[in-house]
Amino acid sequence: MTNGKHSLPRIAFVYKLSIKEPLGIAYLSAYLKARFPGIPVAFFDPKVDDLRSIRDFAPNLVLYSIMSGQYRENVRRNLNLKQALPPYLSVFGGPHPTYFPDMIEDEGVDIVCRGEGEHALASLVQALLEGDDITGVQGLWVKRGATIYKNDFESLISDLDSLPFPDRDLFYDKSPLFRGRIAKSVFTARGCPFRCTYCYNSSLNLLVKGKGRVRRYRSPTSVVAEIRQLQVRYPLPFVLFGEDVFAGVKLDWLKEFDDLYKDLRIPYNVSIRAELVTSECVRYLKKSGCASVCLAIEHGGFDYRKKYLDRHMTNEQLLGSIRMLESAGIRVATPTMIGLPYTSLEDDFKTLELVCEARPTFGGATIFQPYPGLPLTEICLKDGLIDRNFVDRLNTDCYQSAHIKGIDYARVSKLRRIFGILRVLGYYFPRHLRNFYKFIPDIFVVYQINNFLNFIYFNKFYDYSRGFSAKWREIFVGLDTGAFGVRLRGLGRKEKF
Ligand code: B12
Ligand code: SF4
C-alpha cells in the first residue's frame, strides 16, 4: 500500500517508559508496519532520548498514548515539541482521550483517537499517503482551524488473531534494561463484560455499543505462538497476562491452552474475578503453570461494593476464591481502593480487615481517583463531591490523594502509606489494627519500611525468585520508575524534553 501520491509519513511515538511495556503502542506499531511495509516508525522516551534525536527523525505524525494522569504532562511536552520541530500533526490516544475527547481543544492537539487505534491510525496514514482529506477518518476527532470534526468510533476488531504480534523491539531497542526484564506482558483477550463503576470498561462498553462484541478472545494457538516467539528473542522467565480478565476463565479455552503450553511451562500471572474462580478452573490454572493471580477486593463492605461499585460478589465469595487459589499454591494479590466517595476511614479499615482475613500473598491499597467518563465520577459530579474542573486536578497516579469532598485525605494517605505494615501485623493481631494505625508514626522511615515489605511480598507474588542479577534489574527499574512509591531521582534519568 505504498503507491500513494505522497511518501509514507514518518511516525514518532513519544512515551515515557514505566514499570510495564506499553503494549498499546507496540500493537499500533506492528499494525502500521504490516499495513505499510517500510514505514518509518520510531520511539522516543523523554528520559532516554534528547530533542535532537527526534528533530533528526523529522516526524510528520507525533503519537502520544496517555492515561488521565499523563494528560497535562504530555500536552505540555507536545507544545514544546511543536516549537522545536518542523510542523507535524499530533495524535493523542489511549484511555484519557477516549473518555475526554474535549482535550482536542487544548493548544497543540490536532487529533484524538477514541478506542482501539489500529484501524483509525491506518486510515489516517492511508489518507495522508493519498493526499485525501483526513477530517472524516472513523475513530478520530480532528481539529482544523476552529472546527472540530467528531467522527464516530471504529468497529471493534472482531478477530484478534488477525493482528500482528506487538512490536516490542520498538522500545526494547531503546532500553536494554527493559528488554532483559523478568516478566513480559501478553494479552489473551480484549474487553470486559462487567460494569464496575470505577473502571474504564463500564464506560467503554457504552461508548462502543453497536460496534461489535465487547469481550473478544485470541485463540490459545495464537497466544502460545507469541510466547514461543518471545522466548526465542528475549529472556522470558515469567509471563504476565495483562488483560483485565484472563481468557482462561472460559474452561474450554484454558484446557486447550494447557495442552499447547505443556512443554513451555513458563510460570505466569493473570487477573480474574472472584465469581469466576471454580475448583476446575483452579486445577487447570495450576496445571498449566499459573503462579499468581490478581483478584481485586476493592472495598471491604458488601453493601457499598454493590451499591456504589456495581460489584456483586459477596465477602464469602472473595474469601473462598482467594483461599482456594492460595491453597492450590497459586499466590494471590488483592488490589483495593481507599478514599472512595461516601466512605470514612472506618470503611477503609473494613477493607484492611477483609484483606487480613483473606491472607493473600500481596495486598496493596491505592487511593480512588475520579477519572473522566466513569459512572462513579458522574455520581461525584452530580452530588457536588468534585468540581467541574476536576480533570485539571487529576494526579499522575493512584498513590496520591484526590479531591473528593468529605474524604479526610491526611488520614487516608497515612493508611495507604502504612497499609503493607498493617496488613502483615493484622495477620497476627487482627483486633489491634486501629491501635497500630494510631501509634505508628507518619514519617519517611516508616514509609520506606512499608515499601520494603511491599517489595518483598510483591516479589513473592510474582514468583520473581529467579537469579540475583535479574532481581537487581527489577529493583533498579522499580526505583527508576517510582514503582515502589519512591523515586530515586539521582538514579533515574531526568526528562530531556
Ligand atoms: C498495563 C497497564 C498499565 C501499565 C502500562 C500502561 C501502558 N501505557 O500500557 C502500568 C503498570 C505502567 C500502568 C500504570 C497505571 N495505570 Co494502568 N493499565 C494497564 C492496563 C491493565 C492494560 C493497558 C494495555 O496494555 N492495554 C492493551 C492495549 C492493546 O490497549 P491500550 O493500551 O488501551 O491501547 C489501545 C487503544 O487505547 C488505542 N491507543 C492507545 N494509545 C494510543 C495512541 C494513539 C496515538 C492512538 C491513535 C491510539 C492509541 O489503540 C491501542 C490498540 O488498540 C489498563 C487496562 C486495560 N485493559 O487497558 C490499565 C489502565 C490503562 N491503567 C489505569 C490507571 C488508572 C493506571 C495508574 C494511574 C494506576 C496507578 N497505579 O496509579 C498508573 C499510571 C501511572 C503512570 N503515571 O504511568 C487506567 C486508566 C484510566 C484513565 N482514565 O487514565 C486503566 C484503563 C485501568 C482502569 N482502572 O480503568 N497501567
Ligand atoms: S471486572 Fe475488572 S476490568 Fe472488568 S469492569 Fe470490573 S474492574 Fe473493570
Scan region 218-225 and give yes if some residue there is within 15 Å of ligand 1 (Cβ to nearest atom) and either surrounded by 20 or more Cβ atoms within 10 Å (Cβ to Cβ) or part of a loop (DSSP other than H, G, I, E, B) (or both), otherwise no. yes
Against the condition free of Cβ contacts under 8 Å to residues at least 40 places away in the same chain, within 16 Å of ligand 2 (Cβ to nearest atom) and either in a helix (DSSP H, G or I) or not aliphatic (A, V, I, L, M) (or both), how does Lys287 come out, does it pass? no
Just wondering, is there one or more residues in region 97-111 that are in contact with a Gly (Cβ under 7 Å, 6 or more places away or on another chain) and without any contact (Cβ under 8 Å) to a residue 60 or more places away in the chain? no
Scan (1) within 16 Å of ligand 2 (Cβ to nearest atom); (2) surrounded by fewer than 19 Cβ atoms within 10 Å (Cβ to Cβ) for the single condition Gly212 breaks and write down its number. (1)
Which ones in region 376-394 are modelled with pLDDT under 95, surrounded by 17 or more Cβ atoms within 10 Å (Cβ to Cβ) and assigned to a loop (DSSP other than H, G, I, E, B)? Leu394
Considering only residues of region 226-244 that are in a loop (DSSP other than H, G, I, E, B) and touching a Phe, Trp or Tyr at 6+ places or on another chain (Cβ under 9 Å), which is nearest to Arg311 (Cα to Cα)? Asp244
Just checking, how many residues over region 59-107 are more than 16 Å from ligand 2 (Cβ to nearest atom) and assigned to a helix (DSSP H, G or I)? 23
Condition first: of a type in the set (D, E, K, R), away from ligand 1 (no atom under 11 Å from the Cβ) and over 24 Å from Thr336 (Cβ atoms). Now tell me which residues in region 187-212 satisfy that. Lys209, Lys211
Look at Leu207 and say whether it is touching a residue at least 40 places away in the same chain (Cβ under 8 Å) and either β-branched (Val, Ile, Thr) or buried (at least 20 other Cβ atoms within 10 Å of the Cβ) (or both). no
So if I check each of Pro441, Pro370, which one is touching a Cys at 6+ places or on another chain (Cβ under 6 Å) and either farther than 30 Å from Ile182 by Cα or outside the structural domain of Ser292 (by TED's automatic domain parsing) (or both)? Pro370
Exactly one of these conditions fails for Ser279: (1) surrounded by fewer than 16 Cβ atoms within 10 Å (Cβ to Cβ); (2) closer than 27 Å to Lys306 by Cβ; (3) touching a residue at least 60 places away in the same chain (Cβ under 8 Å). Give me its number. (3)
Members of region 284-304 that are over 18 Å from Ala247 (Cβ atoms) and within 16 Å of ligand 1 (Cβ to nearest atom): Ile297, Glu298, His299
Please determine whether any residue of region 260-269 is within 26 Å of Arg417 (Cβ to Cβ) and either under 25 Å from the mean Cα position of the chain (by Cα) or outside the structural domain of Phe419 (by TED's automatic domain parsing) (or both). yes
Out of the residues in region 395-413 meeting the condition of being assigned to a helix (DSSP H, G or I) and not small (Gly, Ala, Ser), tell me which one is nearest to Leu352 (Cα to Cα). Val412
Pairs, first closer than 12 Å to Leu354 by Cβ and touching a residue at least 24 places away in the same chain (Cβ under 8 Å) in region 298-311, second part of a strand (DSSP E or B) and among the polar types (S, T, N, Q), C-beta under 8 Å, six or more apart: Glu298/Thr336; His299/Thr336; Gly300/Thr336
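For every residue, the table says whether it meets (1) over 18 Å from His119 (Cβ atoms); (2) of a type in the set (Phe, Trp, Tyr).
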position: Ser7; (1), (2): yes, no
position: Lys16; (1), (2): yes, no
position: Leu23; (1), (2): no, no
position: Ala34; (1), (2): no, no
position: Phe57; (1), (2): yes, yes
In this structure, does Gly248 turn out to be within 29 Å of Cys380 (Cα to Cα), out of contact with any strand residue (DSSP E or B) (no Cβ under 6 Å at 6 or more places or on another chain) and touching a residue at least 12 places away in the same chain (Cβ under 8 Å)? no
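The values are calculated or read from the model by the stated rules, or taken from the named source; none is laboratory data. If you're wondering where the values come from, they're calculated on a predicted model, not measured in any experiment. With ideal geometry, Cβ positions are generated from the backbone for all residues, glycine too; neighbour counts draw on all protein chains shown.
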